[in-house]
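Reading through the structure tokens given below for one structure.
The values are calculated or read from the model by the stated rules, or taken from the named source; none is laboratory data. From a predicted model like this one, the values you see are computed outputs, not experimental measurements. We place every Cβ from the backbone using ideal geometry, glycine too, and count neighbours over all the protein chains shown. These area figures cover heavy atoms from the full protein model, side chains too; ligands, DNA and RNA do not enter into them. Shrake-Rupley method; radii C 1.70, N 1.55, O 1.52, S 1.80 Å.
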Amino acid sequence: MKKIMSGGVSATLGLGLCFLVTSVGAQNAPTASDGIAKYREMIADGNPAELYEAEGEQLWKKAAGSKNATLEKCDLGLGAGVVKGAAAQLPRYFKDTNRVQDLESRLMTCMEVLQGIDPKEIVDAPFGKGAKKAVEAVVAYVVTSSRDMKINAPMKHPKEKEMYALGKRAFYYRGGAMDFSCASCHDDASKRIRLQDLPDLTSAKGAALGWGYWPAYRVSSGEFWTMQRRLNDCYRQQRFPYPNYVSDVTIALSTYLAANAKGGVMHTPGLKR
Amino acid sequence: MKTSQLIFRASVLCALGLASISGYAQTAKAQAAMDKAIVASFRDEGIISVASITQDETQALCSDPKMATGKAGAKQRAAIEAANMETILPPYDGVYLGDWKEGEKVAQSGRGATWTDKSSAVNGGGCYNCHQISKAEVSHGTIGPSLLGYGKTRGNSAAVVEYTWGKMYNAKAYNACSAMPRIGHFNLLTEKQMKDVMALLLDPASPVNQ
């Protein structure tokens, strides 16, 4: 991540991106996913998410908020200040808040308790903007620190099991003008929308394909997307109303996915279409 | 068999029965609480209200994977299909087929009906998202069956035309827990758009039937 901050490398990356985006766009339809795979491979050493990660690491160590404190004492589940491997073991139950939290809701807790940042500011900001932007950068930093680790969200505490059950219920919950649920597209490995392959998120393999590659840098929008944002856009396309940031349904779905993906590998941050 | 054994067996049966009844009540109660938590997680945004995910009977039944397929929910699914069949209305003027060229545009567009769309926006049918339709469009989904050669294979008898209209109008009339949206029932497309898609599928001149 340091290397990418140097002018030469980022210029190369920029050029590479231009070239690659053009070449992906020029792919014939049947080979679009091949094009994406090629694109991923070519910039494997330079996922643009690294820029967010670098910013996130700085934010982690920088005093901020009304308490002028850093996040370095934040407990992401493996003890105060432990970042390595923490994302691979989320969501999980936290005793101090007495609830199951995903990475983003946990970071909000740390920012509130340690730094004095009002969680409402974060919730109310649009994705990629204001107080939410800082959370997203820290997410990039934290998930990179779980790269190549085994997905292992604990499923022992009764509240974790409860959240899993809620997530499963939500996964199959059909509603809205199109009668869609998550399962409408994601309970069968052989299906696709247009040319986009759809993982079966009810299976260990399929769930790992989803959970193991998000959060991700999204080429089509040119932004780093957290899991909250990914789920938000799923619901938008499902023609559901707007899921509140870090609401129960979003944390429950993440719990369901992470538990199903257990034993898979974290490839975060991913690189997505 | 001794009386004591009989009494024992009867009491085991009673206990099992009671346990399963109270288990069911508990499950139903837990499910209701979960549904409440799900709905409470959303807010109104743009043209989409939280009320839109309050489930009707079809959505409620089909949200239970055990009931959506297989023997357990067969009876309930038949009732759901009958109720959905009642909702199907023929075109106002009795003309089922429009312009296949316009139908192709409707089938191509997956736009509309999200919280980022305006109420004045024209919805697409999103047909290619899930179906192969014309040979020329290779970027098609596979969630639904291929419709390539739809009219050529089936002809366009009154029965085929009415079935196709009905299936598009309310797919749940034919398969209670189908993945396909109820396009006419929920006004996702206008009647004209539906006629145009009908022509795309059934007009002998449509590329679908070449």
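Checking the structure you have, find out if any residue of the range A:185-204 is open to solvent by less than 40 Å² (accessible area, probe 1.4 Å), within 10 Å of chain B (Cβ to nearest Cβ) and in contact with a strand residue (DSSP E or B) (Cβ under 9 Å, 6 or more places away or on another chain). Yes, there is a match, as at least one residue in the range A:185-204 is open to solvent by less than 40 Å² (accessible area, probe 1.4 Å), within 10 Å of chain B (Cβ to nearest Cβ) and in contact with a strand residue (DSSP E or B) (Cβ under 9 Å, 6 or more places away or on another chain).
At least 1 residues being within 14 Å of another protein chain (Cβ to nearest Cβ) and over 15 Å from B:L201 (Cα atoms) is the threshold, and among the helices (runs of 4 or more DSSP H) wholly inside the range B:86-164 those reaching it are B:127-130. Here the condition is being closer than 29 Å to A:C234 by Cα, small (G, A, S) and open to solvent by less than 50 Å² (accessible area, probe 1.4 Å); of B:A199, B:A136, B:A179, it holds for B:A179 alone.
Among the residues making up the range A:222-268, those that are open to solvent by 10 Å² or more (accessible area, probe 1.4 Å) and closer than 14 Å to A:E104 by Cα are A:W225, A:M227, A:R229, A:R230, A:L231, A:N232, A:N244, A:Y245, A:V246, A:S247, A:D248.
Of the residues A:Y256, A:Y242, the single one that is facing chain B (nearest Cβ under 8 Å) and either among the hydroxyl-bearing types (S, T, Y) or under 22 Å from A:K156 (Cβ atoms) (or both) is A:Y242. Looking at A:A131, A:A80, just one residue is surrounded by 17 or more Cβ atoms within 10 Å (Cβ to Cβ) and either aliphatic (A, V, I, L, M) or within 30 Å of B:Q31 (Cα to Cα) (or both), and that residue is A:A131. Does any residue of the range B:71-81 turn out to be open to solvent by less than 50 Å² (accessible area, probe 1.4 Å), more than 12 Å from chain A (Cβ to nearest Cβ) and not in a helix (DSSP H, G or I)? So far as the range B:71-81 goes, yes, one or more of its residues are open to solvent by less than 50 Å² (accessible area, probe 1.4 Å), more than 12 Å from chain A (Cβ to nearest Cβ) and not in a helix (DSSP H, G or I).
The single condition among (1) in contact (Cβ under 8 Å) with a residue 24 or more places away in the chain; (2) over 23 Å from A:K133 (Cα atoms); (3) out of contact with any helix residue (DSSP H, G or I) (no Cβ under 7 Å at 6 or more places or on another chain) that A:A88 does not meet is (2). Within the range B:175-201, residues that are under 17 Å from B:G94 (Cα atoms) have Cβ atoms under 6 Å from residues that are small (G, A, S) and modelled with pLDDT under 95 in no pair, counting only partners at least 6 apart in sequence or on another chain. In the condition set (1) assigned to a helix (DSSP H, G or I); (2) among the acidic types (D, E); (3) over 15 Å from the mean Cα position of the chain (by Cα), A:E50 is compliant with all but (3). Cβ separations smaller than 8 Å between residues 6+ apart or across chains give the following pairs from the range B:89-110 residues that are β-branched (V, I, T) to residues that are part of a loop (DSSP other than H, G, I, E, B): B:V106/B:G124; B:V106/B:G125; B:V106/B:L189. For the range A:83-103, the candidate set comprises residues that are under 18 Å from A:V143 (Cβ atoms) and assigned to a loop (DSSP other than H, G, I, E, B); within that set, the residue that is most open to solvent (accessible area, probe 1.4 Å) is A:K84. For B:L147, the criteria (1) within 30 Å of B:F42 (Cβ to Cβ); (2) open to solvent by 20 Å² or more (accessible area, probe 1.4 Å) hold in every case but one, which is (1).
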